[in-house]
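Below is one structure, written out as structure tokens; comments come after it.
What follows is calculated from the coordinates using simple rules that are stated; it is not laboratory data. Source: prediction; values computed, not measured. Reconstructed Cβ throughout: ideal geometry from the backbone, glycine too, with neighbour counts over all protein chains shown.
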Amino acid sequence: MNAPFGLRNGMLGWIDKFIQHGDGVALVPDFTSTEWWQTLTAAADAILFVRPKIQFLPKRQVGMNTLGSTLVAIGERGIRALQNAERNGRGICFRRDTARISSGLLTAAE
């Protein structure tokens, strides 16, 4: 899911639907201290902090993307996709430790 960025663009509705769907990968900006980001990642099975920064098309000389991006996975297929991205040098992936799910802790992916 690549929802429109920004609360004014309806991003919260997309995030709610993604969490309710319970399967897939969402691309969101790295706004780690916001309530919506905390809610989304609390529902996640894996999180990938993307590197390098994604430059969206069409590329422009001015106004290039200055935001970091997070990929959030829910479900086994999404987890595998993020782990594969990490193996290919696309960022750092953290996977929820199912043994400690009640504590809400994430551990580095293997």
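Computed quantities for the displayed model
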read-out	value
Fewest-first sequence of 35, 86 by Cβ atoms within 10 Å of each Cβ	35, 86
Rounded FRET efficiency, nearest 0.05, which uses the C-beta distance separating residue 16 from residue 67 and R0 of 30 Å	0.90
